[in-house]
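Only one structure is covered here, and it is reproduced in the block below.
The values are calculated or read from the model by the stated rules, or taken from the named source; none is laboratory data. Note that the coordinates shown come from a computational prediction; the quantities given were computed from them, not determined experimentally. No Cβ is skipped: glycine too gets one built from the backbone with ideal geometry, and neighbour counts run over all protein chains shown. The protein model used for the area step is the full one, side chains on, heavy atoms only, and it has no ligands, DNA or RNA in it. Shrake-Rupley method; radii C 1.70, N 1.55, O 1.52, S 1.80 Å.
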Amino acid sequence: MTKLPIRGVLFDKDGTLLDFDATWPPAYRAVAEELASLAGDPGLASRILRLGGYGEGGALDPASVFACGATSEIVEFCVGLPELRGIAGIAERAEGVFTRFGERGPPAVDDLAGLLEGLRRRGLRLGLATNDSIASTRAWLAYNDFEELFDFVSGADSGYGPKPDPAVFDAFCASSGLAPGAVCMVGDAVTDAELARAAGAGLSVIVRSGVDVGDALAAMADVVISTVVELGPVIERYDRGL
C-alpha cells in the first residue's frame, strides 16, 4: 500500500496535551475524599485510590481504570464499590468533581499553543479524542483559548464510545475528508496505541508525558517521544520517508 503524507493529527488529551500528574492525581484524590465523606468513612478514600490503580508507593498502574478509563467508566467504578452501594448521588458527585477540575484549567504542556498553531499553518487538520467527558474537555479548551485550533473534538460521551473503539477515529476522518493512512494518532496510553492500530492510522505516536510508558506500550507505536511538542519534526521525517 502506498504511504500517504500526514494531513491530520488526532490527539488524546490527558497526559498528551496537558500535564497528567498536575491534573488527575489531585482530581482522583478529590473524588475519593468526596465519596468517602458521603459514605461517612474517611478511611474509604485511600481504598478508592488503591482499587482505582494507585500502588503502595503512589505509582499509577498504566492499565488501571484511573490511567486509561473513560470518565464514565471511572464513575461506574465508584458507583460499584460495595461501601457506596445504596447511597444516592454517587455518580453526580463524582462527575461534578471532574467537571470542576476541567473548568479550573489543568495546565497544558509547555509551548502547546506553538505546536498546534504551527501544525495549523502547515495545513494539517487537528482533532481531539479523549476518554474524558465532552463538558470537561470543552471547558479546558475554552480556558486555554484552544477552541479555534481544533477541527474536531470528541469526549467519551459524544456518541462514539470510549477509546480504543475506532469509531471516533473514523468520525474524525469523515469530518476532515482524510483517509486513515493520512492521519497521525498521538497519545500516552495503551488505548491510544490500540486505537491507532485498529483504525489503520498512518502514524502512531506515544508520548512519555502521561502514564508510565513501558516496553510493551512503546513497541505498539511507530514512534515514542518525550513530549508532544516534539511532534512536528516526527511528522516531517515521516513525510520525507526517513
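Can you tell me which of 121, 138, 100 moves the most in a GNM of the chain? Springs connect C-alpha atoms under 10 Å apart.
It is 121.
As a test of the formula, what do you get for the chain when each DSSP H run with n ≥ 4 contributes -39,500 (n - 2.57) and the sum is divided by the residue count, at 222 nm and rounded to the nearest 500 deg cm²/dmol?
About -13500 deg cm²/dmol.
For a protection proxy built on the mean count of beta-carbon atoms within 10 angstrom, sort 229-240, 124-135 highest first, please.
124-135, 229-240
Keeping all protein chains in place, calculate the accessible area per residue for the range 1-89 (probe 1.4 angstrom), answer in Å².
Working: 4060 Å² over 89 residues.
Roughly 46 Å² per residue, with all protein chains present.
Stick to Cα atoms and the Kirkwood definition of Rh, then tell me Rg/Rh for the range 167-242.
Values: Rg = 12.1 Å, Rh = 12.6 Å.
Answer for the range 167-242: 0.96.
Counting Lys +1, Arg +1, Asp -1, Glu -1, what net charge surrounds residue 111 among other residues with beta carbon under 11 Å of its beta carbon?
Summing Lys and Arg as +1 and Asp and Glu as -1 gives -3.
Ignoring ligands, DNA and RNA, what percent of the 1.4 Å accessible area of the range 1-65 is carbon and sulfur?
53 percent
Sequence gap at least 6, Cα distance under 8 Å: using those rules, report the relative contact order of the range 189-242 to the nearest whole percent.
Relative contact order here is 32 percent.
Once you keep just the Cα pairs under 8 angstrom separated by 6 or more residues, what percentage relative contact order results for the range 112-242?
Numbers: 177 pairs, mean separation 24.0, N = 131.
Dividing the mean separation by the residue count of the range 112-242 yields 18 percent.
Rounded if a/c is under 1.5, else prolate if a/b beats b/c, else oblate: with a ≥ b ≥ c from the C-alpha gyration tensor eigenvalues square-rooted, which is the range 20-163?
prolate
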